[in-house]
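Undergrad: The structure that follows is given in the form of C-alpha cells.
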Amino acid sequence: MTLGFTEEQAQRMMNTRRVLPIVENRKAPCMDARKLWERIGKPHGRFNMWVDHNIKPLLGNDNGFAEISAKVTKGATGRPRTDYTLSRDIAAHLAMMANTPEGRDVREYFLDMEDLALRLAKRLPVRVQSLGRSLFIN
C-alpha cells in the first residue's frame, strides 16, 4: 500500500531513516555528532563552529528531553579533540535546524510522517482509537 506517497517522498523517508534510525531509547546518547553533521550537509562549514553554535549551548542544561555526552580524545594530529554523542531526540532537533538541503529533507520527512499518521488514522480508525486508549491507560 503506497498511501499516496510519491517516489520522492518514499526515497526521502528511507534516506532520513539512515540519518535518524529508530532506537530503543530516544533519550540515551547513541549517535555520533560528527557523523550527523556530515549527513546533514556540514552546516556552518566546520564541525567546531557547528558545535559552538548548536551543541555547546545545550551542554549542562537540563533540557528535560534528551542527553549529550562529550569525551575528549587525541585527534589524528595528537591534539585534543572533543567527540560528542547525542541522543536521537537531540540529533533530530539538530537535523531539523540545519539550513542545508539535507536539513530541508529532514524537515520534509517529519511533515511526511505527520501526513502518514493522518492517513493511517483515516484508514484504521478502530486501531487508532484502541492505540490512543492504551497510551492513556499506561
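Bear in mind that the values in this text are calculations on the coordinates, not laboratory data. Treat the numbers as computed from the prediction; the structure is a model and nothing was measured. In this analysis, Cβ positions are derived from the backbone assuming ideal geometry, glycine residues included, and neighbour counts consider all displayed protein chains.
Undergrad: Around ASP32, which amide H atoms from residues at least 5 apart in sequence, or from another chain, sit under 5 Å from its own amide H, with H modelled in the peptide plane?
TA: The list, which skips near neighbours in sequence, is LEU86.
Undergrad: Can you list the HN-Hα couplings for the range 105-121, worked out from phi with the Karplus curve (6.51, -1.76, 1.60; θ = phi - 60°), rounded to whole Hz and with x for Gly and Pro?
TA: Using θ = phi - 60°, the values come out as 4, 5, 4, 4, 4, 5, 5, 4, 5, 5, 4, 4, 4, 5, 5, 5, 4 Hz.
Undergrad: Here is a follow-up. Just check the range 69-118 against the gyration tensor rule for me: Cα atoms, a ≥ b ≥ c as the square roots of the eigenvalues, rounded for a/c under 1.5, and otherwise prolate or oblate depending on whether a/b exceeds b/c.
TA: Working: a/c = 5.24, a/b = 2.63, b/c = 1.99.
Prolate shape, in that a/c is at least 1.5 and a/b is the bigger ratio.
Undergrad: Skipping prolines and chain starts, which residues have an amide H placed within reach, meaning under 5 Å, of the one on THR82, given they are 5 or more residues away or on another chain?
TA: Distant-sequence amide H within range of THR82: THR73.
Undergrad: Could you tally the net charge around THR73, taking each other residue with its Cβ under 14 Å from the Cβ of THR73, Lys/Arg +1 and Asp/Glu -1? Don't jump to the answer; show the numbers that get you there.
TA: On the way: positive: ARG34, LYS71, LYS74, ARG79, ARG81; negative: ASP32, ASP83.
In short, +3.
Undergrad: Karplus couplings for the range 98-103 from phi (6.51 cos²θ - 1.76 cosθ + 1.60, θ = phi - 60°), rounded to Hz, Gly and Pro as x?
TA: 5, 8, 9, x, 5, x
Undergrad: Let me ask another. Give, as a single signed number, the net charge of other residues whose beta carbon lies under 11 Å from the beta carbon of GLY41, with Lys and Arg counted +1 and Asp and Glu -1.
TA: Numbers: positive: ARG39, LYS42, ARG104; negative: GLU38, GLU102, ASP105.
Result for the local shell: 0.
Undergrad: Any idea how far apart MET96 and PHE5 come out in nm if each label point goes 7 Å out from Cα toward Cβ?
TA: 1.8 nm
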